[in-house]
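For reference, the structure discussed in these notes is given below.
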Amino acid sequence: MTSSADTHCPYCALQCAMTLTSPTGPVPAAQPGPVPVALSTAPAVPLDVQGRDFPTNRGGLCRKGWTSASLLNHPGRITEPLLRGPDGIHRPIGWDQALDLAATAVRDARSRYGADAVGVFGGGGLTNEKAYMLGKFARLALGTSRIDYNGRFCMSSAAAAGMRAFGVDRGLPFPVEALDSAATILMLGSNVAETMPPFVQHLKGARDAGGLVVVDPRRSATAAFTADGGGLHLQPLPGTDLALLLGISHVVIHENLVDTAYIEERTTGYGAVVRSVNAFWPERVQTITGVPAELIRETARRLAAGAREGGSYILTGRGVEQHVDGTDTATAAINLSLLLGLPGSAHSGYGTLTGQGNGQGGREHGQKADQLPGYRKITDPAARAHVAGVWGVPEELIPGPGLPAVQLLKSLGKDDGVRCLFVHASNIVVASPDATAVMAGLRSLDFLVVCDFFMSETAAEADLILPVLQWAEEDGTLTNLEGRVLRRRRALTPPPGARSELWIMARLAERLGAPSTYSEDPETVFNELRRASAGGLADYSGIDYGMLDRGEAAHWPFPAGGTGTPRLFRDRFAHPDGKAVLTPVVPGRRRASSGALPAAGTAAEARPFTLITGRLLEHYQSGSQTRRVTELLAARPEARLQIHPAAAAAMDITDGAPVSVANERGEVVCRAELSTAIRAETVFLPFHFPELESANRLTEASTDPISGMPEFKSNKVWVRPVAVAPAGTVLQTMEAS
């Protein structure tokens, strides 16, 4: 006997639809509270995964999606609370003891240092229900303002730019299918062919028309689609995307390609932007970026022609946003789109590609340090009053804004900082900038609680590990990159001992005597979220589980009694006057790190490079999940430094040879991968690997002053050959034993 559940992939924000089929019998009904032991046996074989027809993926899945169910019965799964003893070894304890210890740690930290000594670090992989409840739990049950999440490392610059220009932030303010008919697509800083492969089919129309323009310092798999007449590949120096966008805008203005009627009717600030780009003529921009002036002109002309002839879209990704000037760079991309009249058009637009599975919904309902549910500002008195009313508490009980992620992590263990930290759906030891400093901060805490289903590198540092459910074991909702709310459906019963974060927060709230209510039922929480979001920018009040279960499309804003909004900005933008704001931006003086080698690592043969980081096809985020999948680990078992053959030859580095990559923050030891796909002064490292292969040992924690985004994509490093090869990843072998 078999049973099946229609759901969505647990990885990226494309949220490909899939059907999970279990050969072990019908799925038991969801039970509140602890899972009965009789129903908690993991399946003897993994669930069968089949792609399901859906607008984003049309039945296709990537390698990660096809293998996603193999983790559900992985031998490394944590299935009972673990407490670290004085000897550093984690040992099982009961749930009552675990929750009592966590509650005691909270009370101790608050009594000794104040409420803000307790912190929460969330994640963009949490369902909407859990993200919403985590914000409420932090502010009411813990009484702290110190909550932020890993989306600060992902979407924060794009979100800040969208709010500044449009008054609202939704990754794609149009359905992804709209890209199919585009004549021209300018894609900046996103390698979708590896990060979300099913997305590539939506680029085919532009590629067939010769209108795919990809901006990337590497000749990535996505950039390769521009070959053979498919379009253009612009290969700028890392960190010069802002100047490049100003150069393209200069051409649009000075060749009279501006949609003047649109500018007059739908925008403000045009004159200031014209003045700001005057100094960025193509030949000058060529000297800054390395992109030929003629390619800059050709890009502007193709975008303008596409807008007239069938549609032009500008899409940005982390490559242009994960910088200390990421908000301004995203703003420059938006300015360019407004000059051409793209946002709000029936056939054109601007959007940014959300990365994490619930990166969109995860930032809308309370995980961010400065936000309340519905994308409301926590400093807005009306927003505070509305949410307080839904929660049934006095408005003054809701704390004010907290600290963005980098500042939150820098405060760990300090007298005026966080002393007790809860981590949910994040592996901050691998994923955070200046990872060595983050590790030191975690080790200086009085108490660290990590909720996870595997022994991640962060969980290994915890005083207390609380085992939680995996994606196929829970119900809930997520919001994909189009702002479409989707149903996650339970496909099997969890193993004994694992609990939902909703259950954990409800039990802890009881122990802490917290005001308001904390349900462990996802639908009940979603209905509360609907009320809390009502009237906000991200209004979910008209969406319910019944609608989603019927397969109805639900793009927010979707007010009660109204309809969804697949395309934003058709009639007006979200500013009070209904107009978009053009904001002048120009490159500032970037404070580059010295890239100095550690004293012990100085060597005459070391040479300086600019390091960029990114993802591989086979892995996802910190790799905590994908490095446990046999097929994915076998395909990419270790980090490799991509370096140009000419640069490698100058240091006598051969393909596969061990190299050191170092600066004042730390050192990575890995193997070299020689490739002509990268610029000669630039090297690339994937960020999925831990310990001595962790790219974020080298990235700096300087941040964008508006968004709080760290500088992930442009760091100075020194590369040299070394004699000792890296140890490689042995994660699966260790856990299996």
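The values are calculated or read from the model by the stated rules, or taken from the named source; none is laboratory data. No experiment lies behind these values; they were computed from the predicted model shown. For neighbour counting, all protein chains shown are included, and Cβ atoms are generated from backbone atoms with ideal geometry for every residue, glycine included. To get the accessible areas, we keep the full protein, side chains included, count just its heavy atoms, and leave off ligands, DNA and RNA. Shrake-Rupley method; radii C 1.70, N 1.55, O 1.52, S 1.80 Å.
Data table
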quantity	calculated
Heavy atoms of GLU177: accessible area, 1.4 Å probe, square angstrom to 10	90
Two-decimal ratio, the chain, of alpha-carbon radius of gyration to 2.2 N^0.38 Å	0.91
Phi to ³J(HN,Hα) by Karplus 6.51 cos²θ - 1.76 cosθ + 1.60 over region 495-509, Hz, x for Gly, Pro	x, x, x, 6, 9, 6, 4, 4, 4, 4, 5, 5, 5, 5, 4
Calculated [θ] (222 nm, deg cm²/dmol) that DSSP helices of n ≥ 4 give over the chain, each run adding -39,500 (n - 2.57)	-7500 deg cm²/dmol
Under 21 Å from LYS579, Cα to Cα: lysines that are on another chain or at least 8 residues apart	LYS377
Integer Hz, Karplus 6.51/-1.76/1.60 couplings in order for region 528-533, x for Gly and Pro	5, 4, 4, 5, 5, 7
TYR149 - accessible surface, heavy atoms, 1.4 Å probe, Å² rounded to 10	0
Other-chain or far-sequence residues with amide H under 5 Å of ALA425's (modelled H)	CYS451
Column: log10 I(q)/I(0), Debye, Cα scatterers of region 662-721, q = 0.14, 0.16, 0.22, 0.28 Å⁻¹	-0.44, -0.56, -0.99, -1.34
Long-range HN-HN contacts of ASN715 with modeled amide H, under 5 Å	LEU611
Set of lysines near LYS713 by C-alpha distance (under 26 Å), chain-local residues within fewer than 8 positions excluded	LYS64, LYS368, LYS410
Peptide ranges 186-195, 650-659 listed from the most packed, as the mean C-beta count within 10 angstrom indicates	186-195, 650-659
J(HN,Hα) series, region 127-135, from Karplus relation 6.51 cos²θ - 1.76 cosθ + 1.60, nearest Hz, glycine and proline x	4, 4, 4, 6, 4, 4, 5, 5, x
Cut-off of 10 Å, at most 11 other beta carbons, DSSP loop: longest stretch of the chain lacking such trypsin sites (Lys or Arg not before Pro)	1-549
Cα pair distances exceeding 20 angstrom across region 333-468, given as percent	62
Heavy atoms of SER157: accessible area, 1.4 Å probe, square angstrom to 10	0
Nonlocal amide H pairs with THR565, under 5 Å, H built at 1.01 Å	HIS555, TRP556
